[in-house]
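Written below as structure tokens is the structure these notes are about.
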Amino acid sequence: MPASSRTAKVFDALHRPPQTEQTPEGTRVTVRLPVERATTQMAGHYPGFPILPGVLLIDCVRQAAGSALGAELRLCSIDRARFARPLLPGDELELSLLVTPETNSRVGVRARGARADGQMAAELSVTLEPVVADA
């Protein structure tokens, strides 16, 4: 299977480039996502009460970290996922990440997502690694 099909985007979370800042702790990344960008995926999650699926939040983290590092990344593990409040149509998500290098070219990412009203929506901790093209 080609690398591109293994990491196909469920949706494009990065309609605007993320803001990045190099710090002693790692790379800080901030991205804003209007929830409407995922209207198609929200339609069946849940019928009559659409919310942004958690898997899309995880993919947002992957896309934002990859953009900041200039590499296509894939998910290795979800170390922590806490979804505290639903993200509804009309909401805007502000996702703040701290990307830190780990062993074997992997990176750890701690992310916090807040709604436009400042309420915490999600906290995530994942491990990502670069996609290696097939030989």
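Taking 0.36 nm per residue of separation and subtracting the Cα-Cα distance, full extension of the segment from E129 to E94 would add 10.3 nm. The sum of -39500 (n - 2.57) across all DSSP H runs of n ≥ 4, divided by the residue count of the chain, sets its helix-only mean residue ellipticity at 222 nm to -5000 deg cm²/dmol. Dipole magnitude for the range 47-117: about 240 debye, using +1 per Lys or Arg Cβ and -1 per Asp or Glu Cβ, origin at the Cα centre. Placing R0 at 22 angstrom, the Cβ-Cβ distance between T103 and E21 gives a FRET efficiency of 0.40 after rounding to 0.05. The simple spin-label model puts a point 7 Å past each Cα toward its Cβ; for F11 and F49 those points are separated by 1.9 nm. Hey, got a sec? Which GluC sites (Glu not before Pro) in the range 71-119 land in a DSSP loop and have at most 14 other Cβ atoms within 10 Å? Answer in residue order: E102. In the set [x] 16.1, 47; [y] 31.8, 110; [z] 14.6, 48, the label that goes with Rg and Dmax of the Cα atoms in Å computed for this structure is [z]. Between the helical axis of 54-69 and the longest alpha-carbon principal axis of the chain there is an angle of about 40 degrees.
Throughout, read-outs are computed from the coordinates displayed, never taken from laboratory work. Given the structure is predicted, the values throughout are model-derived calculations rather than measurements. All Cβ positions, glycine included, derive from the backbone under ideal geometry; neighbour counts span all protein chains shown.
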